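The values are calculated or read from the model by the stated rules, or taken from the named source; none is laboratory data. Fair warning: this is a prediction, and the values are worked out from it, not measured in the lab. Cβ sites come from the backbone with ideal geometry, for glycine too, and all protein chains shown count toward neighbours. These accessible areas exclude ligands, DNA and RNA; they are computed on the full protein's heavy atoms, side chains included. Shrake-Rupley method; radii C 1.70, N 1.55, O 1.52, S 1.80 Å.
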Amino acid sequence: MIHSLFLINCSGDIFLEKHWKSVVSQSVCDYFFEAQEKAADVENVPPVISTPHHYLISIYRDKLFFVSVIQTEVPPLFVIEFLHRVADTFQDYFGECSEAAIKDNVVIVYELLEEMLDNGFPLATESNILKELIKPPTILRSVVNSITGSSNVGDTLPTGQLSNIPWRRAGVKYTNNEAYFDVVEEIDAIIDKSGSTVFAEIQGVIDACIKLSGMPDLSLSFMNPRLLDDVSFHPCIRFKRWESERVLSFIPPDGNFRLISYRVSSQKYVDGSTRICHHISVCWVELTFPCFMLTVGYLNSSLLPLAMAHEETRKNCLVAIPVYVKHSISFKENSSCGRFDVTIGPKQNMGKTIEGVTVTVHMPKVVLNMNLTPTQGSYTFDPVTKVLTWDVGKITPQKLPSLKGLVNLQSGAPKPEENPSLNIQFKIQQLAISGLKVNRLDMYGEKYKPFKGVKYVTKAGKFQVRT
Amino acid sequence: MSAAPAYSEDKGGSAGPGEAEYGHDPASGGIFSSDYKRHDDLKEMLDTNKDSLKLEAMKRIVAMIARGKNASDLFPAVVKNVACKNIEVKKLVYVYLVRYAEEQQDLALLSISTFQRGLKDPNQLIRASALRVLSSIRVPIIVPIMMLAIKEAASDMSPYVRKTAAHAIPKLYSLDSDQKDQLIEVIEKLLADKTTLVAGSVVMAFEEVCPERIDLIHKNYRKLCNLLIDVEEWGQVVIISMLTRYARTQFLSPTQNESLLEENPEKAFYGSEEDEAKGPGSEEAAAAALPTRKPYVMDPDHRLLLRNTKPLLQSRSAAVVMAVAQLYFHLAPKAEVGVIAKALVRLLRSHSEVQYVVLQNVATMSIKRRGMFEPYLKSFYIRSTDPTQIKILKLEVLTNLANETNIPTVLREFQTYIRSMDKDFVAATIQAIGRCATNIGRVRDTCLNGLVQLLSNRDELVVAESVVVIKKLLQMQPAQHGEIIKHLAKLTDNIQVPMARASILWLIGEYCEHVPRIAPDVLRKMAKSFTAEEDIVKLQVINLAAKLYLTNSKQTKLLTQYVLSLAKYDQNYDIRDRARFTRQLIVPSEQGGALSRHAKKLFLAPKPAPVLESSFKDRDHFQLGSLSHLLNAKATGYQELPDWPEEAPDPSVRNVEVPEWTKCSNREKRKEKEKPFYSDSEGESGPTESADSDPESESESDSKSSSESGSGESSSESDNEDQDEDEEKGRSSESEQSEEEGEKKKMKKRKKVPEGQREGSSSDEGSDSSSSSSESEMTSDTEEEQVEPASWRKKTPPSGKSAPAAKEISLLDLEDFTPPSVQPLSPPTVVSTSLAADLEGLTLTDSPLVPSLLSPVSGAGRQELLHRVAGEGLAVDYTFSRQPFSGDPHMVSVHIHFSNSSDTPIKGLHVGTPKLPAGISIQEFPEIESLSPGESTTAIMGINFCDSTQAANFQLCTQTRQFYVSIQPPVGELMAPVFMSENEFKKEQGLQGGR
């Protein structure tokens, strides 16, 4: 399957190569560089490139390209998924997945890659097993190693590989037994020019940090499990229990892992053939835009932000949008300046403060500079990438933060047609915007009493305001 | 948190003791002159006795390899260390060896004996790693050795070693494809393996070595389906895509007779299943009935596949989700395909590479099954921050999804996109609008107007793209659009993009009758600039000239001749050709009169409007999710997805032959007999070793039973249709439960094994036979069901009606496999449990039976009455104590074991109003006042089962709750202990001979 792997940094240096079958020359990467050049932008390098004798499947992570060489038919997602798993493992081992970290730990990287694939087919990818095979480097251990000459390679043989709970290592022992769950929800939304929600949904994950001795069997139940209609599970979860009782029952891996991820959508998805039509008010409007006039009938689907759903009303649950944005961005014809005015304010914040607010705007290419004054926070404008970043901080309803000022355009250039869209980041502590609530966590199979904790955070995901 | 590296070349070595002399090594790699010297250093280090120095040297060598530098000249020095004691040095030597063995074949042979020794190691992990490295050394000379090693490992008792053997198969195949036949034998053997660990790897080997041997799958099909959910993610992907192909060759298309299916699928479905449950004979009858094909009946195996893959849509791995999605797309009836949409949409949140692949597949699917993704339309809306390639794919999907009802929303969305800064994306949007306009007549005019507006856009690319699309749209109804054509004609002065100019010229030529006054003028202008035009434009100028000559020769004759003469001397031969050809056609000459008379018909024939189609149309003849589908070209090694067969091949090939299994299980049992019972359970613990180290294996057994039954019946509750499938397998829910309980008992038994003995036998000592036999027992309850009815029926012990002593004997006989003459009195499925319990009883009560009330109940044989979750913290188990019940001799004494795992005390435990079948009576246990958290207690109750295997149902009440529970006695428990001398025993045994 996977023949070889090349790690390439942004400047095009191949700084690591690993072959699982016969050696493939580095020159195969020339095809990749060619595609990269054509794409202009790193994000647009096609993940799959066909060359005369090989296929290159690549991912871009943390400013690094992971380019794998394939010779025969294989599901591309299989390879992509694996490459991301490799990057995750590096992240897990070294704290970051960067060129420097990989170069510093090249031997461990090599040992890891050796264990993860056998003849191009994944062998051990669970981090718990890998950590039993190869211990992650810590400062303490590297000092000890250099003195005693001992190694990072585990001398006990990994038994986890043999069990049918491959994700958990055996013989876990902690003095403090703890289980923490972070419920993190991200709001993905597109808000249109007039402030109405075009699209919104909640993407949630539950990340767990489990430090429990022995072989605990946990079950996590929710107050309102019906909220979760599209869930993906860590392999440790017993699917049957979820199906029948809506309880997450599992023997957890040791350490940090993602328990589930789920989606709560604003749209009413109806499964299969039974389609319930809810009333749609059709109205005819005339929309006028600078360059494109259409007379269309559009469906005024009831998509405006509403209060959060209760379990019973789940069928129609919609996503509450916690902020609103007032904006006016305009460029004058035949003059080299424009106006920029953005105000941001809280909406239905359910008694919680909105913090960590950041507004990022990709300005049009013709913008030379910006001269703005924020009433709160600070802003930066990078004239090379044309990215405006406004770090707002906390929003208080009494005084709405705004950013006003002038935009300097390249003289002589035609005025930009499109107003840039605003990307907004924010964070609300102690709140899961979907209303999801953990009911209880029970542990079976072990005698001790673990310390348990749940934390809720709501963040903006891909939150975009069109202007 | 990047820790200080143990070794960093660039920093000139680390500062460990004893390395000072090497510390000054420049070793920066850039200095070629020092290369030779540096390697000397390394050789020296490798030759020392100190492991730390060797390790240091190996680390540096591996770092060289990692950067793609040649380190092959160190081969002799490195290979010497292959037998090094230090495990890290050893591993790094392996890395080196695998990398360079191909180049230094002779020297590599030196290491082979080490691996051969490793293959015999008692530790399974060492055996596995030896095989792994041995098979990775690509030296043709050792092919026979590898072959031997693989064969041996394929019958190793450790599933991990067998997995490694499966991995080694494609390696050997790529080294020497002549071994194919022998390898297929090994694959066949491994395919029959019942452990989840092996399944994925062997299917991978199958796909690489012999994907055409679909016949090897038949016997293993059902097993693979049932194991699927427990296989690791990578294996799942491979198995699913193989099964997709398999199903395409073996089952009928579920889409034929769609209407009939919708009418009453259920009834027909059930009917056929019941038939099948009766036996293979009737199945053949069903198969014979199939060709008539009325109504369509889905093969139960087809259904099994769909049902068992469905839960995997919830996998965290995108690859698995995609694999299931393609399986459903290719195999499921139309009504069921919809379930995959939600999962695929979920993947759109993932990394952009995943999005890219998923969107490609969604694009293909959305052409065929538009309805599937319609509810998720908005999930494909485009953000300005998406990469361009993702934007364009999303646009493709949006266009495919557009229909009469949602087109206004879609167009409104498109309007936003048109003003994007990303011009490639804008161009794609314009084309998308064009496609919407051609597909949906209602909005054609709206779109056309919009596009015309775009003609005044400042960006030339936008304008050009619009012109091209407008041209296509106009062809549909040219009559009404004279104005637009005029407008376009004016644009020729400004637009420089060749494609757009060519399009305008073609339009004017084609519809010159609608713009009779402008057309000649355009030709005049173009004639003037002819030499400076692009080739594509020149061709259209010739075209325009010809058409005008035919319709309006008076005004344009001279112009045309001028253009043709210019073209005659053009540099491009296509243009010269065209000019010559056109002149012959349109200008009447002496000989060629016939053609030129029809020239007008040739040039101005009504042309069909172009159909704007998605580039993803017809891509679905490639298996979705495959590399070939993504590239839209056949990749090396792509296995064509076959069409559905006209008539279903014989479904009975998938039946696992019962006699064969009987034989095998007989053999197993016999072996078992020779061994102490402990070793039997030991071998079994092989694959679940981690659980062993845990004294409280309760949770483990729990997870296991749930996961195991999960594969079998996960969706059976929800899916009506599935029920009878289970029946067909001879597994009623009851029997399954008892099976599970049997499993649990085994677990308990294992728990009792002394620590030391376990260590020994689990990993090494346990011989081949014992482990493989017991293993098959453990992992294959699906197979067992098939086995049981036939193989067990013979040996069913008599139920409680005969004298208890005699019964004991018969149970011993059972072990000997001299079947008792007594006819079976109970359903065969129960027997396995009772047998297990009995065998257990025999081993555990080896010591003299001392009847004592409330003796500590052994963990063995304990069965669950109430799960701690269902009981809200109250867990209740029961065992048949096999002691006389003091109150009533007819009653069986049952020990009920309560434990409270909640954090509040449970009060007032007692038996509530029992609802008992006739004849059964219960002696309740005295009420338990209170059970505090963490505490457990035992009570005894007596049940008179009336010598039947009917369950005793009763309520277990606490102060607050009532739980309905039931105890069903296995046949073997309906007995009372009897003391007898050895002679008496033998006498009774003689009577039971069964002759």
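Does residue A:411 satisfy the condition of being assigned by TED's automatic domain parsing to the domain that holds residue A:334 and open to solvent by 30 Å² or more (accessible area, probe 1.4 Å)? Quick ask: steps written out before the conclusion?
Details: assigned by TED's automatic domain parsing to the domain that holds residue A:334: yes; open to solvent by 30 Å² or more (accessible area, probe 1.4 Å): yes.
Judged against the criteria, residue A:411 is a match.
Quick test of your reading of the structure: residue A:355 fulfils all but one of (1) outside any strand (DSSP E or B); (2) at pLDDT 70 or above; (3) surrounded by fewer than 18 Cβ atoms within 10 Å (Cβ to Cβ). Name the failing condition by number.
Failing condition for residue A:355: (1).
Against the conditions (1) in contact with a Ser or Thr (Cβ under 6 Å, 6 or more places away or on another chain); (2) farther than 23 Å from residue A:110 by Cβ; (3) aliphatic (A, V, I, L, M), where does residue B:143 fall short? Just the number, please.
(1)
More than 30 Å from residue B:508 (Cα to Cα) and within 14 Å of chain A (Cβ to nearest Cβ): is that true of residue B:616 in this structure? Spell out the reasoning first.
Numbers: more than 30 Å from residue B:508 (Cα to Cα): yes; within 14 Å of chain A (Cβ to nearest Cβ): no.
No.
Return the only residue of B:168, B:101 being within 13 Å of chain A (Cβ to nearest Cβ), buried (at least 24 other Cβ atoms within 10 Å of the Cβ) and touching a helix residue (DSSP H, G or I) at 6+ places or on another chain (Cβ under 7 Å).
After applying the criteria, what remains is B:168.
Kindly indicate whether residue A:428 is closer than 30 Å to residue A:230 by Cα, buried (at least 20 other Cβ atoms within 10 Å of the Cβ), touching a Pro at 6+ places or on another chain (Cβ under 7 Å) and among the hydrophobic types (A, V, I, L, M, F, W, C).
Yes, satisfied.
Has segment B:148-163 got any residue that is within 18 Å of residue A:20 (Cα to Cα) and in contact with a Lys or Arg (Cβ under 8 Å, 6 or more places away or on another chain)? Please lay out each step first, then the result.
Residues of segment B:148-163 within 18 Å of residue A:20 (Cα to Cα): B:163.
Okay, now just the ones that are also in contact with a Lys or Arg (Cβ under 8 Å, 6 or more places away or on another chain), so none.
Within segment B:148-163, none of the residues are within 18 Å of residue A:20 (Cα to Cα) and in contact with a Lys or Arg (Cβ under 8 Å, 6 or more places away or on another chain).
Every residue in segment B:898-907 that is in a strand (DSSP E or B) and either modelled with pLDDT under 80 or open to solvent by 40 Å² or more (accessible area, probe 1.4 Å) (or both), please.
In the first step, residues of segment B:898-907 are kept if they are in a strand (DSSP E or B); the result is B:898-900, B:906-907.
Within segment B:898-907, B:906, B:907 meet the criteria.
Collect the residues in segment A:419-445 that are out of contact with any Leu (no Cβ under 7 Å at 6 or more places or on another chain) and outside any strand (DSSP E or B), keeping them in residue-number order.
A:419, A:420, A:421, A:430, A:431, A:432, A:433, A:437, A:445
State which residue is farthest from the other protein chains (Cβ to nearest Cβ) when the search covers only segment B:333-344 and only residues that are open to solvent by 10 Å² or more (accessible area, probe 1.4 Å) and in a helix (DSSP H, G or I).
Residues of segment B:333-344 that are open to solvent by 10 Å² or more (accessible area, probe 1.4 Å), as a first pass: B:334-336, B:338-339, B:342.
Pick out the ones that are also in a helix (DSSP H, G or I) and you get B:334-336, B:339, B:342.
Working: B:334: 10, B:335: 6, B:336: 8, B:339: 7, B:342: 5 Å.
Taking the candidates together, the pick is B:334.
Condition check: under 30 Å from residue B:488 (Cα atoms) and of a type in the set (D, E, K, R). Does residue B:435 satisfy that?
Values: under 30 Å from residue B:488 (Cα atoms): yes; of a type in the set (D, E, K, R): yes.
The answer is yes for residue B:435.
So which of B:881, B:893, B:921, B:858 ends up being closer than 30 Å to residue B:980 by Cα, touching a Phe, Trp or Tyr at 6+ places or on another chain (Cβ under 6 Å) and either surrounded by 13 or more Cβ atoms within 10 Å (Cβ to Cβ) or modelled with pLDDT of 75 or more (or both)?
B:893
Of the conditions (1) surrounded by fewer than 21 Cβ atoms within 10 Å (Cβ to Cβ); (2) touching a residue at least 24 places away in the same chain (Cβ under 8 Å), residue B:373 fails just one. Which one is it?
(1)
Only one residue in B:449, B:439 is more than 11 Å from chain A (Cβ to nearest Cβ), at negative phi, open to solvent by 30 Å² or more (accessible area, probe 1.4 Å) and among the polar types (S, T, N, Q), so which one is that? Steps first, please.
Numbers: B:449 fails: more than 11 Å from chain A (Cβ to nearest Cβ).
Only one candidate passes the filter, namely B:439.
Which members of segment B:628-653 meet the condition of being in a loop (DSSP other than H, G, I, E, B), open to solvent by less than 50 Å² (accessible area, probe 1.4 Å), facing another protein chain (nearest Cβ under 9 Å) and touching an Asp or Glu at 6+ places or on another chain (Cβ under 7 Å)?
Passing the criteria: B:635, B:638.
Would you pick out the residues in segment B:395-421 that are surrounded by fewer than 19 Cβ atoms within 10 Å (Cβ to Cβ) and more than 8 Å from every other protein chain (Cβ to nearest Cβ)?
Matches in segment B:395-421: B:403, B:404.
Each row is one residue, and each column tells you yes or no for (1) assigned by TED's automatic domain parsing to the domain that holds residue A:111; (2) open to solvent by less than 10 Å² (accessible area, probe 1.4 Å); (3) part of a loop (DSSP other than H, G, I, E, B).
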residue: A:27; (1), (2), (3): yes, no, no
residue: A:34; (1), (2), (3): yes, no, no
residue: A:38; (1), (2), (3): yes, no, no
residue: A:73; (1), (2), (3): yes, no, yes
residue: A:78; (1), (2), (3): yes, yes, no
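Conditions (1) touching a residue at least 24 places away in the same chain (Cβ under 8 Å); (2) outside any helix (DSSP H, G or I), marked per residue:
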{"residue": "B:548", "(1), (2)": "yes, no"}
{"residue": "B:564", "(1), (2)": "no, no"}
{"residue": "B:577", "(1), (2)": "no, no"}
{"residue": "B:581", "(1), (2)": "no, no"}
{"residue": "B:602", "(1), (2)": "no, no"}
{"residue": "B:617", "(1), (2)": "yes, yes"}
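Going by what's in this entry, would residue B:347 be described as away from every other protein chain (no Cβ under 11 Å) and aliphatic (A, V, I, L, M)?
Working: away from every other protein chain (no Cβ under 11 Å): no; aliphatic (A, V, I, L, M): yes.
No.
Given the criteria facing another protein chain (nearest Cβ under 8 Å), under 30 Å from residue A:386 (Cβ atoms) and surrounded by 24 or more Cβ atoms within 10 Å (Cβ to Cβ), does residue B:353 qualify? Outline the logic, then answer.
Values: facing another protein chain (nearest Cβ under 8 Å): yes; under 30 Å from residue A:386 (Cβ atoms): yes; surrounded by 24 or more Cβ atoms within 10 Å (Cβ to Cβ): yes.
The answer is yes for residue B:353.
Kindly establish whether residue A:46 is open to solvent by 20 Å² or more (accessible area, probe 1.4 Å), at negative phi, facing chain B (nearest Cβ under 10 Å) and not in a strand (DSSP E or B). It would help to see each step written out before you state the result.
Numbers: open to solvent by 20 Å² or more (accessible area, probe 1.4 Å): yes; at negative phi: yes; facing chain B (nearest Cβ under 10 Å): yes; not in a strand (DSSP E or B): yes.
Yes; evaluated as a whole, the condition is true for this residue.
Quick check: is even one residue across segment A:242-252 among the polar types (S, T, N, Q), touching a residue at least 60 places away in the same chain (Cβ under 8 Å) and open to solvent by 10 Å² or more (accessible area, probe 1.4 Å)?
First, pick out the residues of segment A:242-252 that are among the polar types (S, T, N, Q): A:244, A:249.
Subset that is touching a residue at least 60 places away in the same chain (Cβ under 8 Å): none.
Within segment A:242-252 (the criterion being among the polar types (S, T, N, Q), touching a residue at least 60 places away in the same chain (Cβ under 8 Å) and open to solvent by 10 Å² or more (accessible area, probe 1.4 Å)), the answer is no, since none of the residues qualifies.
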